[in-house]
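Worksheet: the structure to be examined is printed underneath.
Nothing in this text is a laboratory measurement; each read-out follows from the coordinates by a stated rule. Predicted model, so just to flag it, every value in this text is computed and none were measured. Here the Cβ positions follow ideal geometry from the backbone for every residue, glycine too, while neighbour counts run over all protein chains shown.
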Amino acid sequence: MSTYGWSQNDTLIQVVKNHPIIGIGGAEVISCGEQTYIVSVGFVENKGQSRSSLERIGKIKAEKEVTILVNGSDFTSSAMAIIEEVVTTKNGVQTVEQQTSYFENIKENSEGYIHSMKKLESWKSEDKSMFYFAIYTPISFN
């Protein structure tokens with residue numbers, strides 16, 4: 001519940017998190033109360049990145065999902081994980097330390113209104129292995 005009491009966004013957040021499709025990533029038009037929204041959820045595998053990095057990647061992926069919904073796809077992405085194992089021996093005791101670096105490169109060509117969509121919520125899966133970032137914008141049918 002928000003600091004200022006229950007709001008329409010709180011209801012929308014629950015609808016999105018419990019949605020059978022976009023609750024785990026994707027974009028959809030959703031009606032909540034008397035308002036209709038375009039909502040998009042980007043997901044990132046949580047491999048120890050900082051919260052700001054997860055949010056940045058999640059937002060870009062959410063923007064990609066809504067672009068696919070509205071216009072089709074014009075994105076390229078690549079990901080690379082580097083896992084290093086450092087073995088040290090001191091006084092006959094061997095220590096193994098594992099370090100993981102994760103790099104993701106996403107290039108996109110999307111419309112300005114998609115970039116202006118607002119953050120709805122971000123959350124981690126119950127097992128903390130996935131990070132979700134939801135954006136939304138109200139739409140009207142005039």
Anchor Lys61: lysines whose Cα lies under 18 Å away (excluding residues fewer than 8 positions away in-chain): Lys17, Lys47, Lys107, Lys118, Lys119, Lys124
Glu97-Ser140 pseudo-label distance in nm [points 7 Å out on the Cα-to-Cβ vector]: 5.9
Least to most buried among Ile135, Ile13, Ile30 (fewest other Cβ within 10 Å first): Ile30, Ile13, Ile135
Efficiency of FRET between Gln14 and Val86 - r from beta-carbon atoms, R0 35 angstrom, step 0.05: 0.20
Length gained when the stretch Lys118-Ser50 is fully extended (0.36 nm per residue, less Cα-Cα span): 22.4 nm
